[in-house]
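Worksheet for the structure shown next.
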Amino acid sequence: MQPLEQLPIPLLEWYRDNARTLPWRTDPTPYHVWVSEIMLQQTRVAAVLDYYARFMEELPDVAALAAVPEGRLMKLWQGLGYYSRARNLQAAARQIMEEHGGVFPTDYAQVRALKGVGDYTAGAICSIALGQPVPAVDGNVLRVVTRINGDQRDITAQATKKAIADQLQPIIPLQAPGKFTQAMMELGATVCLPNGTPQCQRCPARDFCVACAQDSWSRIPVKAPKRPRRVEERTVWLLFHQGRVALRQRPAKGLLAGLWEFPNELRDQQPPEWQGEPLCGPFAGVARHIFSHVEWHLTARRVHLEGDKLPQGWVWCTWQELKEVYAVPSAFDGVLDVVKEEIGT
């Protein structure tokens, strides 16, 4: 018997005794599982819990998600990052309304065809919410399987992901596909850890795990090296007038598409839309924000304007509106203390 084939029974027993109580597990409808899985992409569970609760309170079903204004959707998502996820959620909700009469599809191919839904998310929805024996292979699952098998293939390669899905398919318990999927995720998130030493003494696979037996966990999983991030030195212009701060909306496509931001440019350049006197102002702090492919080093400058004229498309914003209306990405969290000092109430 291959190592992975020995996993289902001890894994499900372990999960029964160790599963965390999470809101989307309490009521695993397709909508709940879908939204939670999209939120959890590139994001820790602890960071998602409050967002998920607020999201479900305001958008409890597909119809509500399809109908919510984009600005409000972005505000609900503010701080989670990777904002295209939220736009894809809404596009898929509208697909469901138009193509499936507002009823979440139950066929794997139809779920997979929804905007923003890949193989993993489709597998998670179909196994957890619909009880179908299909694999869901995310980073946690890749780590668990490659360590159990001692597999040193590159997990970023699509061929490796497909091979692991093919290995999982025949061992999924037909009576408990959802629990198996969640148990695999849980094991990777809480025991077979991505950073730091795995807790092998707590692992249900410790007796047949190749990486544990060979003490090779630090070399598995194997990932191709990432290209270094580009660094951009940017100046953030904090423009104030009578208790308000200026915001502009980012372009509809590209990084942070459609969100609101404090005007900023490379180094000390002023925004090209600005037609007034050259901007200048005292140093107001520094911050850094890391995206997947670029790193921003931000220098904030504080400017008090005598008039209230702004370029077309810019807005004056109060502190209350900043908190409740305009979705400003977390890339600018490092300068919010300066803004609060100026206009906060």
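The values are calculated or read from the model by the stated rules, or taken from the named source; none is laboratory data. Given the structure is predicted, the values throughout are model-derived calculations rather than measurements. FYI the Cβ positions are ideal-geometry reconstructions off the backbone, even for glycines, and counts take in every protein chain you see. The accessibility values were calculated without ligands, DNA or RNA, using every heavy atom of the protein model including side chains. Shrake-Rupley method; radii C 1.70, N 1.55, O 1.52, S 1.80 Å.
Structural remarks
- For region 100-111, a residue qualifies if it is of a type outside the set (A, V, I, L, M, F, W, C), closer than 22 Å to Pro173 by Cα and either in contact with an Asp or Glu (Cβ under 7 Å, 6 or more places away or on another chain) or part of a helix (DSSP H, G or I) (or both), and exactly one does: Tyr108.
- Of all residue pairs spaced 6 or more apart or on separate chains, those with beta-carbon atoms under 9 Å, a first member in region 83-101 that is farther than 28 Å from Phe291 by Cβ and aliphatic (A, V, I, L, M) and a second member that is part of a loop (DSSP other than H, G, I, E, B) and open to solvent by 20 Å² or more (accessible area, probe 1.4 Å) are Ile96/Gly102; Ile96/Val103; Ile96/Phe104.
- Scan of region 207-219 for residues that are outside any loop (DSSP other than H, G, I, E, B) and in contact (Cβ under 8 Å) with a residue 24 or more places away in the chain, ordered by number: Val210, Ala211, Cys212, Gln214, Trp217, Arg219
- One residue stands out among those in region 54-75 that are closer than 15 Å to Met39 by Cα and among the charged types (D, E, K, R): the one that is most open to solvent (accessible area, probe 1.4 Å), which is Arg54.
- Scoring Val286 on the criteria (1) out of contact with any Ser or Thr (no Cβ under 7 Å at 6 or more places or on another chain); (2) of a type in the set (Val, Ile, Thr); (3) over 24 Å from Asn195 (Cβ atoms) leaves a single failure, condition (1).
- Members of region 151-193 found to be small (Gly, Ala, Ser), in contact (Cβ under 8 Å) with a residue 24 or more places away in the chain and within 25 Å of Ala224 (Cα to Cα), listed by number: Ala157, Ala165, Gly188, Ala189
- Residue check for Asp119: open to solvent by 30 Å² or more (accessible area, probe 1.4 Å), within 26 Å of Thr43 (Cβ to Cβ) and in contact with a strand residue (DSSP E or B) (Cβ under 7 Å, 6 or more places away or on another chain): no
- Sole residue being part of a loop (DSSP other than H, G, I, E, B) and in contact with a strand residue (DSSP E or B) (Cβ under 7 Å, 6 or more places away or on another chain), chosen from Gln152, Gln175: Gln152
- A single member of Arg227, Arg244, Arg234 is of a type outside the set (S, T, N, Q) and in contact with a Ser or Thr (Cβ under 7 Å, 6 or more places away or on another chain), and it is Arg244.
Condition check ((1) more than 23 Å from Ala19 (Cβ to Cβ); (2) in a helix (DSSP H, G or I); (3) open to solvent by 50 Å² or more (accessible area, probe 1.4 Å); (4) at pLDDT 95 or above) across all residues:
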residue: Gln132; (1), (2), (3), (4): no, no, no, yes
residue: Leu142; (1), (2), (3), (4): no, yes, no, yes
residue: Val145; (1), (2), (3), (4): no, yes, no, yes
residue: Thr156; (1), (2), (3), (4): yes, no, yes, no
residue: Lys179; (1), (2), (3), (4): no, yes, yes, yes
residue: Met184; (1), (2), (3), (4): no, yes, no, yes
residue: Cys192; (1), (2), (3), (4): no, no, no, yes
residue: Asn195; (1), (2), (3), (4): no, no, yes, no
residue: Ala205; (1), (2), (3), (4): no, no, no, yes
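- Against the test of being basic (Lys, Arg) and farther than 30 Å from Gln320 by Cβ, the options Arg54, Arg112, Arg85, Arg72 yield a single qualifying residue, Arg112.
- So Val117, is it touching a Cys at 6+ places or on another chain (Cβ under 9 Å) and either part of a helix (DSSP H, G or I) or not hydroxyl-bearing (Ser, Thr, Tyr) (or both): no
- Qualifying residue in region 302-322 (condition: open to solvent by less than 40 Å² (accessible area, probe 1.4 Å), polar (S, T, N, Q) and within 23 Å of Tyr83 (Cα to Cα)): no
- Given (1) over 28 Å from Cys200 (Cα atoms); (2) modelled with pLDDT under 95, number of the condition Val103 does not satisfy: (2)
- Taking the numbered list (1) over 18 Å from Leu80 (Cα atoms); (2) modelled with pLDDT of 90 or more; (3) of a type in the set (Gly, Ala, Ser) in turn, Ala331 passes all entries but (1).
- Any chance Gln78 is open to solvent by 10 Å² or more (accessible area, probe 1.4 Å) and in contact (Cβ under 8 Å) with a residue 60 or more places away in the chain: yes
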